[in-house]
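Single-structure report; data block below.
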Amino acid sequence: MTKTLNGRAARESADVVILGAGPAGLVLGNLLQATGVDCVVLERSSRARVESRARAGFLAPNTVRILERHGLADRLRTHGHLHGSCEFRTEDVRFRLDYENLGKEERHTVYPQQNLVADLIAHYLRAGGRIHWETEALAVLDAERERPYVTARQVDGRPGRWDGRFIAGCDGRWGAARRSLPAGAVHHHHDHGVSWLGLLAEAPPSLDAVGYALHGRGFAGHMARGPQVTRYYLQCPRGTHPEAWSEERIWAELGLRMGAERHGPLTEGPILERGVVDLECDVVEPLRHGSLLLAGDAASLTAPAAAKGANLAVLEAELLAGALTDALTRGGTGALDSYSARCLAHIWRAQEFTAWMTRLLHATPDGLFHASLRRARLESLRTSRAHQDWFAENYVGV
Ligand code: FAD
């Protein structure tokens, strides 16, 4: 229930106040709503913005299983595409790994993150869930006490206060949850030293696999997002402005690095979106600070090289929903106490594989030694079935 105080500030309470309507916050909201736990979501952006923000697209089988288990996968099942192959290209070799036949023989589902987010919002609202759009959380206060609360600024500039028994920080790397962590929180940060120009092209995929091109001029990547839309990545110098490259230069560079002359042309089309991503990662330990709990990018950021971020977000949201439901409906605290350690085990495995992929894919300025290591690593992946099984298991798993 929202009350207006003195005609200005709003005040509302819920058992769980969720910060952020991304995959983590929305899966959590849906799962809590389904078990009858009273919750509310505060989201800084508008609904239109959140539903159109193109980011992830490769969902791991475990993510799909979680969404199916909770009745959240109907559209994903009908509109998503199964995908089980990736191709590595260098200036000398080209080989394909059909990971659907390796390791645990599993496949990704390609389904754009913005579509998943739109589905989760629709499902949550249909079930009676509450979301406050354009409401920016400013701080989480009293997390060490029984009644924590969140201060926020609403769309019209009015302040607001949301009281809860628990606060779920699902508001990403730059959100209020991270800013409100106590001094004792450990923040691991690593910069891979590489940047990508991320592009969304209105063009059908150019190959029926994820493409990873390891070229002397830098990495280039190709990932289907749908029958008419493809994501491309180009390694670029740190500090590159997203608009600095013309479309002509982008397609020329993609063609060169992906060996279009030898392997076939790329299907070109207008660039719909572009942005520069610095490949960094970080982990906050622990994920619980009293009644403030972190999930998704707020808990850990993984560089997009191995497509783990959205998958971790969904996994953590399911664990957190179970733990909060147990605590609020049955008084059980065991799952809440172990929440951080359970998530961190998955997070560090994902970080390890992401770091491995990042080192494999990128030319770095540290010369011949690193270049030779990359070549040896790639050759092992090309020729060793054991290495391929390890790759497949980590590539689709979290
Ligand atoms: P977010 O999706 O960032 O959601 C957080 C929400 O909190 C946002 O809606 C934000 O507006 C809101 N918010 C922020 N601050 C506040 C505040 N103070 N108050 C209220 N609301 C706030 N992952 C994969 O698994 N596979 C991929 O293929 C993949 N590709 C990617 C490609 C790119 C270019 C990028 C950038 C990321 C990619 N990722 C991928 C990572 C993935 O998109 C993220 O890990 C995922 O979005 C994390 O979900 P989340 O809910 O934790 O955070």
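The values are calculated or read from the model by the stated rules, or taken from the named source; none is laboratory data. Please read these numbers as outputs of a predicted model, since none were measured by experiment. Virtual Cβ from ideal backbone geometry, glycine too; neighbours counted across all protein chains shown. Accessible surface areas use protein heavy atoms only, side chains included; no ligands, DNA or RNA. Shrake-Rupley method; radii C 1.70, N 1.55, O 1.52, S 1.80 Å.
From the P(r) of the chain, could you give the percentage of C-alpha pairs in the tail past 42 Å? Could the numbers behind the result be given before it?
On the way: 11577 of 79003 pairs.
Considering the chain, 15 percent of its Cα-Cα pairs are separated by more than 42 Å.
Between Phe369 and Arg49, what is 0.36 nm times their sequence separation minus the Cα-Cα distance? Round to one decimal in nm. Working shown, then result.
On the way: separation 320, 0.36 × 320 = 115.20 nm, distance 4.48 nm.
Result for the pair: 110.7 nm of gain on full extension.
Just the Cα atoms of segment 310-350, one point each, no solvent: what log10 I(q)/I(0) does Debye give at q = 0.14, 0.25, 0.28, 0.31 Å⁻¹?
Debye output, listed in q order: -0.30, -0.78, -0.90, -1.00.
Could you tell me whether segment 195-274 comes out rounded, prolate or oblate from its Cα gyration tensor? Rule is a ≥ b ≥ c as square roots of the eigenvalues, rounded for a/c under 1.5, then prolate if a/b exceeds b/c, otherwise oblate. Could the numbers behind the result be given before it?
Values: a/c = 1.62, a/b = 1.17, b/c = 1.38.
Oblate shape, in that a/c is at least 1.5 and b/c is the bigger or equal ratio.
For segment 1-145, compute Rg over Rh where Rg is the Cα radius of gyration and Rh is the Kirkwood radius from the inverse mean 1/r over Cα pairs. Could the numbers behind the result be given before it?
Details: Rg = 19.5 Å, Rh = 17.6 Å.
My calculation puts Rg/Rh at 1.11.
What's the long-distance tail for segment 77-203, i.e. % of Cα pairs beyond 18 Å? Provide the component values of the computation, followed by the final result.
Numbers: 5998 of 8001 pairs.
Of the Cα pairs, 75 percent sit more than 18 Å apart.
Restrict the search to segment 136-233; then list the trypsin sites (Lys or Arg not before Pro) that DSSP places in a loop and that have at most 16 other Cβ atoms within 10 Å of their Cβ. Can you show the working numbers first?
Values: sites: Arg145, Arg153, Arg161, Arg165, Arg173, Arg178, Arg179, Arg217, Arg225, Arg231; in loops: Arg145, Arg165, Arg173, Arg217, Arg225.
Passing sites in segment 136-233 are Arg145, Arg173, Arg217.
Can you list the equivalent-ellipsoid semi-axes of segment 346-385, largest first and in whole Å, using the square root of 5 times each Cα gyration tensor eigenvalue?
Numbers: eigenvalues 79, 48, 7 Å².
For segment 346-385, the semi-axes come out at 20, 16, 6 Å.
Pick out, in residue order, every one of the trypsin sites (Lys or Arg not before Pro) in segment 232-327 that is DSSP loop and has at most 11 other C-beta atoms within 10 Å; say none if there are none.
Loop-located and lightly packed - Arg238.
Express the accessible area of segment 1-141 per residue in Å², computed with a 1.4 Å probe while the remaining protein chains stay in the model.
Numbers: 6130 Å² over 141 residues.
Spelled out: the 1.4 Å probe surface of segment 1-141, per residue, equals 43 Å².
Compute the projected area of the convex hull of the Cα atoms of segment 283-398, averaged over all viewing directions, and report it in nm² to one decimal place. Mind showing how you got there, number by number?
Working: hull surface 33.6 nm².
About 8.4 nm², averaged over all directions.
Could you provide, to the nearest whole Å², the per residue accessible area of segment 298-398 with probe 1.4 Å?
On the way: 4000 Å² over 101 residues.
Value for segment 298-398: 40 Å² per residue.
Going from the alpha-carbon gyration tensor of segment 145-297, what semi-axes, largest first and in whole Å, does one get by taking the root of 5 times each eigenvalue? Walk me through the numbers before you get to the answer.
On the way: eigenvalues 338, 64, 40 Å².
Its equivalent ellipsoid spans semi-axes of 41, 18, 14 Å.
How large a share of the accessible area of the chain, in percent, is made up of carbon and sulfur atoms when the probe is 1.4 Å and the other protein chains stay in place?
Carbon plus sulfur share of accessible area: 50 percent.
Expressed in nm², what is the orientationally averaged projection area of the convex hull enclosing the Cα positions of segment 112-156?
On the way: hull surface 19.2 nm².
Quarter of the Cα hull surface area: 4.8 nm².
Which three extents, in whole angstrom, do the alpha-carbon atoms of segment 34-87 cover along their principal axes, largest first?
43, 28, 17
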